[in-house]
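Data block below; observations after.
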Amino acid sequence: MAARVSLSNATRTLVESAGVCETSVYHEKLAQRIAELREEIRILENCHNQVTPICCLPPEILSKIFLTLSAVTPRHHPRDSVSWFRVSHVCVHWRSVALSCSDLWANLRFVSPAFTELMLDRAREALLSVVFLPQNEPGTVSTT
C-alpha cells in the first residue's frame with residue numbers, strides 16, 4: 001500500500017481543478033506551481049546544507065582548505081589547474097567563502113580570456129602569481 005502524500009493547499013486545489021478549466025490555462029498554472037515548488041526545494045536544500053558540519057567551519061578555515069586544494073591541484077594541463085574552482089559550486093556558504101578569498105584567485109591560470117579576467121577581478125588587491133602552460137605541452141594536441 002502506497003503512503004499517502006500530504007499536499008499543500010495550493011497543490012491540492014490545482015490537482016482538484018484538473019479538467020475544469022481550459023487546458024492551456026491549466027498547463028500554465030501547473031508550470032507556475034512547479035516553479036514555485038522548485039524554488040521552495042532550493043530554499044530547503046540550502047537550509048539543509050547550512051546545518052551540515054562542514055558548513056559550520058569558520059570562513060578562515062574553509063579558505064585555508066580551499067587554498068591548500070588549489071596548491072595541490074595538478075597543473076599538467078590548463079583545465080586541470082583550475083579544477084579546484086568546483087568548490088565554489090558546492091553550496092552557498094562555500095561559494096561565498098571562495099569568492100571572498102582573494103588569494104584563491106590570485107594564482108592566475110590562462111585557461112581562457114574570460115576565466116583569466118574573472119580571476120583578476122576576484123583576486124582584487126592580492127599579489128598575483130602567473131602560471132602559463134604552453135599549448136604544445138605533452139598530452140595536448142596542437143591545432144596548427
Summed side-chain charge close to residue 22 - residues other than residue 22 whose Cβ falls under 11 Å, Lys, Arg +1, Asp, Glu -1
0
What number, in nm² with one decimal, is the all-direction average of the projected area of the convex hull of the alpha-carbon atoms of the range 9-50?
3.0 nm²
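Computed from the coordinates by the stated procedures, all read-outs in this text should not be read as laboratory data. Computed from a prediction, not measured in an experiment: that's the story for all the values here. Counting neighbours? That spans all protein chains shown, and the Cβs are built from the backbone with ideal geometry, glycine included.
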